[in-house]
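First up is the structure itself, then whatever we jot down about it.
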Amino acid sequence: MLRESQQMSAALFLLLPALLAAQIASIEVADTAGLRRFGYPVRARIRTSIPAGSLQLLADGKPVDAQFTPMDGGETEIDFVISLGPWEKRRLTVQKGVARPISGPMRVEQSPASYAVRYPGGLTFHIPKDLQGLFHAVETPAIKYLLPGSGGLILGRAPNSATRALAASSRIVKSGPLACALQFEGAVQVSNRPVKSVVHMEFPRSKSWVNVRWTVDGPDAAVNRLAAEVNLSVEGQPLIVDFGANTMVYATVRSGQSAIMQTADYGWKIDVNGQTYAAAPIGQPEGWAHVMDRSRATAIAVEGFAVMGSSIEISSEGRVRIERDRQPGGPKTLSFWLHFVPMPVQIGAATSPQSMMRPLSVRVE
């Protein structure tokens, strides 16, 4: 018996170098926000000389669906989906091999003037290549989430001056099957000064949201305010709105009215129809909102809402304006999510705004 045990140990010792050689990278994914995650999208980067088409991802020794995309600088980006409990950690490994086929892939289609990001369930984002209005439409066969004529991305020195940020060039960064990404670049003149604008959009198959990351590189005197405007399709009055401050505040927005949540020097406040509806002298607002009618809901969330002068304004007609105006020095950024789901939002979304804004922690070794 002792001899057999020694033989097994020796065999494992001899096999260990081969196992380690087969492992290209180890990825630890963890929830650090105390939130349960259902089918949550994860993105990790590794550096390897092995082609993306010759890689596979494993969990507990079993292959899992993963998308491997070659990126600039010799890196490979890995997109996959995971479900975790609060504070849970899980480790996955990247090895050389052939990734298994993915059923129900998402994809990007393009025409001379626009892109269409298509999900397997029928949801489609239509994005103009020049970014005029940001989106042409977001729709399923049954529901239209946006109206035409949105303001799109806006930059300027002051509230009464504005320049539309349009794209001169664009490209597909990822084309599916688990994640799609687009990038847009342009340059505009603001007060006779050149300003470079870069917009990156990410679309995960497991969630019906888009993450828009807008970076503007220009002099402080030329740009100190970034805004994004979209026109939601809403039906019936009044409109129901939830705001994520440091507690949830819900409001009714009637015809001709608007509601706005904004950071202030003393904390945050929410105004409805020009009158203070809720306020706090201390505390950091989470920076999200739900806009709901009888059939559809849109979740809006702004990264870094509390630490920079930010606001989310919603009118009864469905116009949403996200704004940021405190960014002295260096490139200016505005990063936000738009999550489009059917009602009731608690079932249609299956993901809270807090979870959307607090991605899982990813560590690559």
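Observations on the model:
- Of the residues making up the range 276-289, those that are out of contact with any Pro (no Cβ under 7 Å at 6 or more places or on another chain) and buried (at least 24 other Cβ atoms within 10 Å of the Cβ) are Pro285, Gly287, Ala289.
- Matching residues, the range 176-200, being of a type in the set (Gly, Ala, Ser) and out of contact with any His (no Cβ under 8 Å at 6 or more places or on another chain): Gly176, Ala179, Gly186, Ala187, Ser191, Ser197
- Some residue of the range 235-250 being under 30 Å from Ala137 (Cβ atoms) and small (Gly, Ala, Ser): yes
- Positions within the range 190-205 being modelled with pLDDT under 95 and outside any strand (DSSP E or B), in sequence order: Ser191, Asn192
- Being of a type outside the set (Asp, Glu) and either at pLDDT 90 or above or touching a Gly at 6+ places or on another chain (Cβ under 7 Å) (or both) holds for only one residue in Ala18, Ala59, and it is Ala59.
- When Glu286, Glu323 are checked against the criterion of being in a strand (DSSP E or B) and touching a residue at least 12 places away in the same chain (Cβ under 8 Å), Glu323 stands alone in meeting it.
- Single residue of Lys174, Lys196, Lys129 found to be in contact (Cβ under 8 Å) with a residue 60 or more places away in the chain and not assigned by TED's automatic domain parsing to the domain that holds Val42: Lys174
- Single residue of the range 323-335 satisfying the filter (surrounded by fewer than 23 Cβ atoms within 10 Å (Cβ to Cβ) and not charged (D, E, K, R)) that is modelled with the highest pLDDT: Ser335
- Among the residues making up the range 95-115, those that are at pLDDT 95 or above and in a strand (DSSP E or B) are Arg107, Val108, Glu109, Gln110, Ser114, Tyr115.
- Selection from the range 262-279 of residues that are free of Cβ contacts under 8 Å to residues at least 40 places away in the same chain and assigned to a strand (DSSP E or B): Ala264, Gly267, Trp268, Lys269, Ile270, Asp271, Val272, Gln275, Thr276, Tyr277, Ala278, Ala279
- Lone qualifier among Ala167, Ala187, Ala179, Ala142 - being more than 19 Å from Arg324 (Cβ to Cβ), crowded, with 20+ Cβ neighbours inside 10 Å and at pLDDT below 95: Ala167
- Yes/no for Arg43 being farther than 16 Å from Pro177 by Cα and part of a strand (DSSP E or B): no
- Ala259 being in the same structural domain as Val117 (by TED's automatic domain parsing), touching a residue at least 40 places away in the same chain (Cβ under 8 Å) and either crowded, with 23+ Cβ neighbours inside 10 Å or not in a loop (DSSP other than H, G, I, E, B) (or both): yes
- So Val117, is it among the β-branched types (Val, Ile, Thr) and not assigned by TED's automatic domain parsing to the domain that holds Phe184: no
- Qualifying residue in the range 213-226 (condition: under 20 Å from Ile312 (Cα atoms), touching a His at 6+ places or on another chain (Cβ under 7 Å) and aromatic (Phe, Trp, Tyr)): no
- Put simply, of Val212, Val223 the only residue that is crowded, with 18+ Cβ neighbours inside 10 Å, hydrophobic (A, V, I, L, M, F, W, C), closer than 17 Å to Pro353 by Cβ and not assigned by TED's automatic domain parsing to the domain that holds Asp65 is Val212.
- Residue satisfying all of: in the range 299-315; within 17 Å of Val249 (Cβ to Cβ) and assigned to a loop (DSSP other than H, G, I, E, B); farthest from the chain's Cα centre (by Cα) among these: Ala306
- Residue match in the range 241-256 (condition: without any contact (Cβ under 8 Å) to a residue 12 or more places away in the chain, in a strand (DSSP E or B) and not charged (D, E, K, R)): yes
- Members of the range 226-256 found to be of a type in the set (Val, Ile, Thr), under 21 Å from Gln284 (Cα atoms) and surrounded by fewer than 17 Cβ atoms within 10 Å (Cβ to Cβ), listed by number: Thr247
- Selection from the range 68-97 of residues that are on the phi > 0 side of the Ramachandran plot and surrounded by 14 or more Cβ atoms within 10 Å (Cβ to Cβ): Gly97
The values are calculated or read from the model by the stated rules, or taken from the named source; none is laboratory data. All of these numbers come straight from a predicted model, not from anything done at the bench. We place every Cβ from the backbone using ideal geometry, glycine too, and count neighbours over all the protein chains shown.
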